[in-house]
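All remarks here apply to the structure that follows.
Read-outs throughout are calculated quantities, based only on the coordinates presented, and are distinct from any laboratory measurement. The structure displayed is predicted, hence computed values, not measured ones. Every residue, glycine among them, receives a Cβ derived from its backbone with ideal geometry; neighbour counts consider all protein chains shown.
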Amino acid sequence: MNTTTEQSKLIDGKAVSQRILDEAAEKVRKITTASGTTPGLATVLVGEDPASATYVKMKVRRCENAGMKSFRHELAAETTTDELVSFITQLGNDPTVHGILLQHPVPSHIDERAAFEAIPIEKDVDGVTAGTLGRVALEMPAYGSCTPAGIMTLLDAYEVDLVGAHAVVIGRSPILGKPMSAMLLNRHATVTTCHSRTRNLGDVVKLADVVVAAVGRPKFVQGNWIKPGAVVIDAGYNEGNVGDVDFDAALSHAHLITPVPGGVGPMTLATLIDQTANAAAQQLGVTL
Ligand code: NAP
């Protein structure tokens, strides 16, 4: 296979995310002019995990680049569940905050679910609450979890026909695999959700027209699992910029494939910014 052909198979998450960010910046201008209030995103980081700190920094930068206010909160690693819940509840009551992002994972002594559930659904721009997941599953308006929502935007940008397609999602986490499966099902894909107890995983993946890898294990999805012509979405992000798919081996089988980095990652960030702008518009009564 020549390089030009290989290049044409790459899903360019950077380009699509830039379009989303540009559109979000335009929404922010419109909201600020119409309401006199600048949309604001509050980020909450608990503890000093360097990777989490880097993610928050990237989110804050994108937020400010789009013309939004960012309210950055760093809490001590010893913060208790009660303290975190009450802090998030305060942000929920603050009218200058239109979206709340709790960076996860939080330290293990904290009940992460309780902390997530303190986010009011209208400010849940990262799509982490039970209410949001339920609304997504029921096809009600919601700000869906950013990574799967970003993946849906990518699939649409590349006009992937999901109706009747067999989509195999590997992973069932509350922020990735589960909402991903729900979103694909909403678009009429036939969805198989796989996890650590799935038998003969490779044989299941071989049936997929669309594969979403959300496992958290480097190069876990083998090239020979990919049906010729399948669309491969690698949501994984492991140490050393390595995805969950063995990219080099999968490339020759796939019709379209996301690289790591430059595929799903930038879409997650752009979706967060876009959803914060949409939440601000909703809360400030501005029609976009
Ligand atoms: P997670 O909560 O650890 O979930 C991993 C899932 O993979 C679980 O459902 C687990 O199954 C399944 N799994 C683990 N080992 C498996 C195996 N051997 N065979 C089949 N399934 C297996 O991880 P996550 O938060 O969903 O994240 C998944 C990946 O996405 C990670 O690489 C993470 O870094 C990446 N991520 C990327 C972004 C982004 O912006 N690009 C955002 C979030 C996450 P069980 O449920 O049975 O344990």
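Figures for the structure shown
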| read-out | value |
| --- | --- |
| Globularity index of the stretch 146-258, i.e. its alpha-carbon radius of gyration over 2.2 N^0.38 Å | 0.94 |
| For the stretch 58-124 versus the stretch 186-221, the gap between their alpha-carbon centres in whole angstrom | 31 |
| Extension gain from THR5 to GLU139, taking 0.36 nm per residue of separation minus the Cα-Cα distance | 44.5 nm |
| Helix 264-284 axis, angle to the chain major axis (alpha carbon atoms, nearest 10°) | 40 |
| Virtual paramagnetic centre 7 Å along Cα→Cβ of LYS30, amide N under 20 Å, in the stretch 256-287 | 270-287 |
| Selected from ALA277, VAL210, THR198, residue furthest toward positive end of dipole (the chain; charges at beta carbon) | VAL210 |
| FRET E, pair LYS14, ASP82, Förster distance 35 Å, beta-carbon r, rounded to 0.05 | 0.30 |
